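The values are calculated or read from the model by the stated rules, or taken from the named source; none is laboratory data. Source: prediction; values computed, not measured. As a convention, Cβ positions derive from the backbone with ideal geometry for all residues, glycine included, and neighbour counts pool all protein chains shown. Calculation scope for accessible area: heavy atoms of the full protein, side chains included, ligands and nucleic acids excluded. Shrake-Rupley method; radii C 1.70, N 1.55, O 1.52, S 1.80 Å.
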Amino acid sequence: MRARTVIWRGARLGVFIGAWPAGTVGVLCLVAAFVFLTGGLYGTAWELTTAGAYAVLASMAVGVALGTATGLALAVAPRGLLARAPLRGLLAALTAGLPVAALHVAFLTTDGYTLASYPLSTHFVDWAVILTIALVAAARSGEIAGYGTDGTTNGARADTGSAQAEAEGGADTAH
């Protein structure tokens, strides 16, 4: 499997990772902007629309960066590690989850604040999001690395990808 294909699949995962928070934040900002617009507060409505657009773009950028990094990590990982689903999933989860966790801690501890300065609910929601990102990356790691459940990677013989699967796996063609 070519590294470019694995990285591209990782970037597609990143679009998925970035799309759900981008959509949520975008819709919430647009609803709030509409409320302020109908109340006559045009400046606040414009600021909310702009902030929503920035949040959507940033969420998508972070998602694509995380997905691309996950694809890159899976592309350069040894084949023996990729063949084992738990290790492959752990690699993908750590590659996607650790940067988000580090950014979370860095953002919350700036300007003299500590993690104890924030309510427990903030940490619960943030860590739930980080774990969701890591689990989605782990669940999709087989698909990204090319060890998915489609017929071309499970050794099927009668589909259009059989020649490629047999060439990569070195399987005999005894039909």
Mind listing whichever residues of segment 115-129 are open to solvent by 60 Å² or more (accessible area, probe 1.4 Å), in a helix (DSSP H, G or I) and not hydrophobic (A, V, I, L, M, F, W, C)? 117, 121
Test set (1) surrounded by 15 or more Cβ atoms within 10 Å (Cβ to Cβ); (2) in contact (Cβ under 8 Å) with a residue 24 or more places away in the chain - residue 83 fails condition number: (1)
Taking the conditions exactly as written (at pLDDT 90 or above and of a type outside the set (Lys, Arg)), does residue 45 satisfy them or not? no
Inspect segment 11-22 for any residue being without any contact (Cβ under 8 Å) to a residue 40 or more places away in the chain and either surrounded by 14 or more Cβ atoms within 10 Å (Cβ to Cβ) or assigned to a helix (DSSP H, G or I) (or both) and give the result as yes or no. yes
Within segment 54-78, how many residues are part of a helix (DSSP H, G or I), loosely packed, with under 14 Cβ neighbours inside 10 Å and not aromatic (Phe, Trp, Tyr)? 3
Give segment 86-114 a look and list any residue that's surrounded by 12 or more Cβ atoms within 10 Å (Cβ to Cβ), at pLDDT 90 or above and more than 15 Å from residue 14 (Cα to Cα), or say none. 87, 88, 89, 90, 91, 101
Would you mind stating whether residue 50 is among the polar types (S, T, N, Q), modelled with pLDDT of 90 or more and buried (at least 19 other Cβ atoms within 10 Å of the Cβ)? no
Looking at residue 68, is it closer than 14 Å to residue 9 by Cβ and touching a Gly at 6+ places or on another chain (Cβ under 7 Å)? yes
